Amino acid sequence: MKDKALGSFETIGFIPALTGADAALKSAGVKLLGCRYVGSGLVSVLLSGDVSSVKVAVESGCSAAVQVGTVTSQSVIARTADGLDGVIDDRLKGQKNSPKRARIAKLKSAPRSSKKGASEKNIELNSQSLTSMSVVKLRELARQFPGIPLDRRKIRSARKDELIDAISNEYQKNKE
């Protein structure tokens, strides 16, 4: 990527990013390095090529994305430094094997517990052990209880105290 320009724009949501990337690729001779989910709904589009083409592509991509959503930022770096291509490549490769994706794959491949839930695994759940767990761990644990009164969407947005209450109540039911 040495002596090439790097252009990027960031949108809120995938649809504006997709629309912008399409317009950017159609407007100039640039290469799409990738679209990256940043978090909190932000999606970055990365483009590479010669300076004038990248400037045109970023401008047309942003104008197309604004028609269907919101563009939060845009940038063009005229000549990238030697080490920058390694950072970009690592980020794009890391997206496919991110810790979040690995955790999701692990959860999908993990066998679901039976009706008795965590009590069959000889895990002693008390208020102290639950409060010491992170919210992520509590959400994973809550998904293992088949009779928990929270559906997947509610588990995903539940606060720590709500998760602790739901898990301890279901644990007590299964224990009896």
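The values are calculated or read from the model by the stated rules, or taken from the named source; none is laboratory data. Quick caveat: nothing in here was measured; it's all calculated off a predicted structure. Cβ atoms come from the backbone with ideal geometry, glycine included; neighbour counts cover every protein chain shown.
Assorted remarks:
- Hits in region 24-53 (condition: of a type in the set (S, T, N, Q) and not in a strand (DSSP E or B)): 27, 40, 52, 53
- Total residues in region 130-171, condition more than 26 Å from the chain's Cα centre (by Cα) and either in the same structural domain as residue 40 (by TED's automatic domain parsing) or under 23 Å from residue 40 (Cα atoms) (or both): 0
- Of the criteria (1) in contact with a helix residue (DSSP H, G or I) (Cβ under 6 Å, 6 or more places away or on another chain); (2) more than 17 Å from residue 12 (Cβ to Cβ), which one residue 36 fails: (2)
- Just one residue in the set 74, 144, 95, 172 is surrounded by fewer than 13 Cβ atoms within 10 Å (Cβ to Cβ) and either in contact with a helix residue (DSSP H, G or I) (Cβ under 9 Å, 6 or more places away or on another chain) or at pLDDT 70 or above (or both); that residue is 172.
- Scan of region 41-61 for residues that are under 12 Å from residue 11 (Cβ atoms) and surrounded by fewer than 21 Cβ atoms within 10 Å (Cβ to Cβ), ordered by number: 41, 42, 44
- So residue 156, is it of a type outside the set (A, V, I, L, M, F, W, C) and at pLDDT 80 or above: yes
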